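Below is one structure, written out as structure tokens; the observations come after it.
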Amino acid sequence: MKQMYFKLGLLAVVSLVATSNLKAQKKNDFGNPSLTHYLNQEKTRAVSFSGYAELWARYTQLNPGSLVNSELRDNVSDLSLRRVRVKMTYQPTEKLLFVLQGGTTNTNVSSKTNPTFELLDAYGEYKFNDYVAFGIGRSTWRGLSRFTTGPLNTLLYDLPAYATSNTGITDEVVREFSAYLKGKIGRLDYRLVVADPYTNVISDPKYNVATFSKNAPNKDFSGYFKYDFLDKESNASPFNSGTYNGKKKVLALGAGFNYMHNALWHKDLNNTVNNDDMKSFAADVFYDVPINKENGSSISAYGMAMRNDYGPNYVRYVATNNPATGVDASLASLNGGGNAMPIVGTGNTYYFQVGGTLPYFNKSKSTLQLQPAASIMINDLDGLKDKSIVYDAGVSLLFNGMSSRLTFDAQNRPIYTPDVSNNAVVSDRKWQFVLKYRIDFN
């Protein structure tokens, strides 16, 4: 019943915005007025509506031992809703902002019995000046790296897997209850966040392998600092853009951290439980510039290096939008079922991506264009004898900029099994092919 009222409230906002006087407003990628109703003539106070939907059609080579219901399968094709988001932003004064967002994530046939439309974000923010704003509530505001907060205009079909590495453990759908400070000092953009982490932990301590602790969690501290050498980027929302398609000239250098005291634990030779701090540090660089503004061509590149310390031999395997419903333990690899692969752990993680837009098919209309891209993620982790290397390559057809686009992605991932010395080594590789359509409501 609560979910129904929440949906009706959001639909009421849509109706309000759609029937408002929208003349002389900024146009969106479709050439329509944005879904914003200004509350004063100066246009400094407003209520706005936005959102998006991402639909996947996918073929996946499954990890060894994967089950679909009770049947062993080595591949599967499926349809799913990767994400649906509905967002309201209310700015009653020049300094006060409130954000409300709901949605559903990873709704596929394996989750058919429990798809939920969740309240994701609910937070308020007060802006003292350009240098300092304070916010509090449930949100994705956090530090560490450019893409830690989640997706916005991704160059490829989805976020790099490492970016939201603790999701489902210390957060819920990349959200935590937190308080943050953010601002801009000249070209320096900063955010500092303290959060109450979730406690979604079910495992007991293991010998010489760190796992997240069942003890009462400590505060989750994070921060991210970014310097804009060319055009300045907006920090109105927690999300950083993955590409501007040449609409800006951006060169941004960033660095960040994430720290939680006694977040994990493990047992030593004496069977004594030892606590481990979670410590992560990252540095990244983002470059996105036009090649020829008239024909729409551009180039985009991103590089990131991260050092994580979760305690001894910690490795996390994650299956994004998992198409499998279980795994036969007697046949399973270390990856687990479905499309799971190692995405983070104690050690070093490196990520690189490059892409850009090709000239418009019809320059006079400035609409249809292709956007090829490729990436590589390298995990050099203490708990893996062989490095984990994941390749992605794809191309997007942009119908109306980033607001309506069709993306094809091919991904190749490693499969890990223990060798005779019980070391995790790559024994095979598997493919996943995704056709994604995304449409923005703005």
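The values are calculated or read from the model by the stated rules, or taken from the named source; none is laboratory data. Nothing here was measured: the structure is a model prediction, and the numbers come from that model. When we count neighbours, we look across all protein chains shown, and the Cβ atoms used for this are built from the backbone with ideal geometry, even at glycine. Protein only, heavy atoms only, side chains kept; ligands, DNA and RNA dropped before computing areas. Shrake-Rupley method; radii C 1.70, N 1.55, O 1.52, S 1.80 Å.
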In segment 280-323, residues that are under 21 Å from the mean Cα position of the chain (by Cα) and β-branched (Val, Ile, Thr) total 4
Exclusive hit being of a type outside the set (Gly, Ala, Ser) and in a loop (DSSP other than H, G, I, E, B), set 397, 358: 358
Could you please let me know if residue 118 is open to solvent by 30 Å² or more (accessible area, probe 1.4 Å), acidic (Asp, Glu) and closer than 19 Å to residue 52 by Cβ? yes
Check 58, 85, 146 and return the single one that is assigned to a loop (DSSP other than H, G, I, E, B) and among the basic types (Lys, Arg). 146
Name the single residue that is farthest from residue 341 (Cα to Cα) among those in segment 160-173 being within 11 Å of the chain's Cα centre (by Cα) and open to solvent by 20 Å² or more (accessible area, probe 1.4 Å). 173
Any idea which residue in segment 74-88 is farthest from residue 415 (Cα to Cα), counting only those that are touching a Ser or Thr at 6+ places or on another chain (Cβ under 7 Å) and at pLDDT 95 or above? 87
Give just the number: which of (1) in contact with a Pro (Cβ under 6 Å, 6 or more places away or on another chain); (2) over 20 Å from residue 278 (Cα atoms) does residue 138 not satisfy? (1)
Candidates 419, 428, 380, filtered to the one that is open to solvent by 40 Å² or more (accessible area, probe 1.4 Å), farther than 23 Å from residue 54 by Cα and under 24 Å from the mean Cα position of the chain (by Cα): 380
Condition first: at negative phi, crowded, with 19+ Cβ neighbours inside 10 Å and either touching a Cys at 6+ places or on another chain (Cβ under 8 Å) or modelled with pLDDT under 95 (or both). Can you find one or more residues in segment 183-201 that meet it? yes
Which is over 30 Å from residue 251 (Cβ atoms) and surrounded by fewer than 23 Cβ atoms within 10 Å (Cβ to Cβ), of 337, 326? 326
